[in-house]
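The values are calculated or read from the model by the stated rules, or taken from the named source; none is laboratory data. Please read these numbers as outputs of a predicted model, since none were measured by experiment. Positions of Cβ are generated from backbone atoms using ideal geometry, with glycine treated the same way; all protein chains shown enter the neighbour counts. The area values use the complete protein model at the heavy-atom level, side chains included, leaving out ligands, DNA and RNA. Shrake-Rupley method; radii C 1.70, N 1.55, O 1.52, S 1.80 Å.
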Amino acid sequence: MPLLLGCVADDFTGATDLASMLVKNGMSCVQVIGVPPAAERHGEAPSLPEADAVVVALKSRTAPVAQAVAESLAAAEALLAGGARQLFFKYCSTFDSTDEGNIGPVADALLKRLGAGFAIACPAFPANGRSIYQGHLFVGARLLSESGMENHPLTPMKDPDLVRVLSRQTDGGVGLVPFAVVEQGAAAIRREFTRLAEAGRRHAIVDAVSDAHLHAIGEACAGHALVTGGSGVAMGLPENFRRAGLLPPRSDAATLPRAEGLCAVVAGSCSRATLGQIGFARDHLPVLELDALAMPDAGALAAQALDWVEGRLDASRPVVVAASAPPEKVAALQAKLGREAAGVLVEDALAAVAEGLVARGVRRLVVAGGETSGAVVQRLGVTSLRIGAEIDPGVPWTFAPLPPAAGVPQAGIHLALKSGNFGARDFFLKAFQHV
Ligand code: ADP
């Protein structure tokens, strides 16, 4: 299966979101965590997993510009060496960035590497309330700059005009493909791309307020070396490869190896949705709630959890181990240890719990929380995730090969990595009815 689409994502959950979108639209897809290692060695072809699309997940959204550029280029190099015919640079649908970058500088560097002169920038995702009209990004009914994003701690978005925002991040010209053109479909959009490129524009913000717009934009990007945007605009790309005869119709794009083994949930998210899911689980599943405030010791917390799971693990329903707590308890632990140390303590404890669960035969694991997922994946030595079917919007089951344990080969583990606020109230039950 030759690699068709090579993607670079500027954060972990964004990578999963994109990968899931591609799978839903008929491409098999693997998410790789960080730049594939062999690509860093000069002259050696990296060994990418077999898939129609590979998404390299970086943590470059708020990294220093030079680092974001270097890592994105290294990822691109690996993808191109793997045969990718088109690159996709994925960022957040709220265009999270600052005047320094990193969207403009990374897009510029990728264009230069590809010897290309023009790429679109389209973070629109109407199904999730992100639409672009006259270059202005809306979140629901509000302009980006009045959506709450103006107060983001790392990337405050105070200007909703994306042409202006991107212009501050690049020395290339930024144009706009307006609604009136997008509405006319792929051929008109393509003509406008040509016109803008000939007028010396390097980037074009593209209006989109519906999935039909995103499909038309995707079609118009068929010949582009680089496409940049949110996961929304990626919905139109698989069809280009089918049309070109490169991608067979795949009814099995979301197929994962058979799920076997014991089930568990590890929760470190304190977001409202996760707290609700834990509340629901209390009535239906064995739940252990760790009290990090009473016992601020990662090793002791993990030991308590692993003692508790003894005799409770099951292959038909999960046990739930949660460190999650309501805001006043989180604030109390943070006051005691400091914000950062409190987070690290709980992440360390839960990563050790996950490791212990896998050692006890757990092979179907839901992790609640973005940072928590990062800590767990790192502890388990997971380097890639094959993307399966969605459980709830934005949260697919995935399959990760496991590194050999004590020299013994292990097959792998089914993981569902849930961003804190995602998922319905019965997510922890529902997830295991899906796999
Ligand atoms: P989300 O996706 O909801 O943002 P994350 O896992 O990214 O969830 O972030 C939650 C953070 O809160 C993690 O760093 C986690 O270790 C920390 N945390 C979890 N439980 C507690 C607690 N009881 N007290 C303090 N911090 C906690």
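A few comments on the model shown:
- Extension gain from residue 112 to residue 70, taking 0.36 nm per residue of separation minus the Cα-Cα distance: 13.8 nm
- Beta bridges by DSSP in segment 262-433, antiparallel share as percent, to the nearest 5: 35
- Charge dipole (the chain, unit charges on Cβ, about Cα centre) - positive-most of 4, 125, 91: 4
- Working ranking of peptides 17-27, 164-174 by packing, defined as the average number of other Cβ atoms within 10 Å per residue, highest first, is 17-27, 164-174.
- Shape of the chain, Cα gyration tensor, a/c cut at 1.5: prolate
- For segment 265-357, GluC sites (Glu not before Pro) meeting the loop criterion (DSSP other than H, G, I, E, B) and having at most 15 other Cβ atoms within 10 Å: 310.
- Taking the DSSP beta bridges with both ends in segment 5-243, the antiparallel portion is around 25 percent.
- Distance between the C-alpha centres of segment 268-319 and segment 133-147: 39 Å, rounded to the whole angstrom.
- Pairs beyond 25 Å (Cα-Cα), from 59/430; 158/418; 329/430; 59/336; 329/418; 59/158: 59/430; 158/418; 329/430; 59/336
- Whether segment 229-383 is rounded, prolate or oblate, judged on the alpha carbon gyration tensor where a/c under 1.5 counts as rounded: prolate
- Cα long-axis angle, helix 103-114 against the chain (0 to 90 degrees, to the nearest 10): 70
- For segment 288-394, the set of trypsin sites (Lys or Arg not before Pro) satisfying both a DSSP loop assignment and a count of at most 10 other C-beta atoms within 10 Å is empty.
- Computed E for residue 378/residue 335 - FRET, C-beta separation, R0 22 angstrom, nearest 0.05: 0.20
- Largest GNM mean-square fluctuation across 104, 245, 388, computed for the chain with C-alpha springs under 10 Å, falls on 245.
- FRET efficiency, 1/(1 + (r/R0)^6) with R0 41 Å, evaluated for residue 154 and residue 195 via beta carbons: 0.70
- DSSP beta bridges in the chain [antiparallel fraction, %, rounded to 5]: 30
- Most to least accessible of 193, 179 (protein chains only, probe 1.4 Å): 179, 193
- Averaged over residues, the count of other Cβ atoms within 10 Å places the peptides 82-90, 224-232 in the sequence 224-232, 82-90, highest first.
- Once both labels are positioned 7 Å from their Cα atoms along Cα-to-Cβ, the gap between residue 389 and residue 359 label points is 3.5 nm.
- Each Lys and Arg Cβ is given +1 and each Asp and Glu Cβ -1; about its Cα centre, the chain then shows a dipole of about 640 debye.
- FRET efficiency, residue 310 to residue 50 (Cβ-Cβ, R0 56 Å, nearest 0.05): 0.90
- Residue-averaged 222 nm ellipticity for the chain, from DSSP H runs of 4+ at -39500 (n - 2.57), nearest 500: -11000 deg cm²/dmol
- Cα-based reach from residue 24 at 16 Å (exclusive), listing aspartates and glutamates while leaving out same-chain residues under 8 positions away: 52, 211, 239, 252, 390, 392
- Cα shape, segment 1-131, gyration tensor, a/c 1.5 rule: oblate
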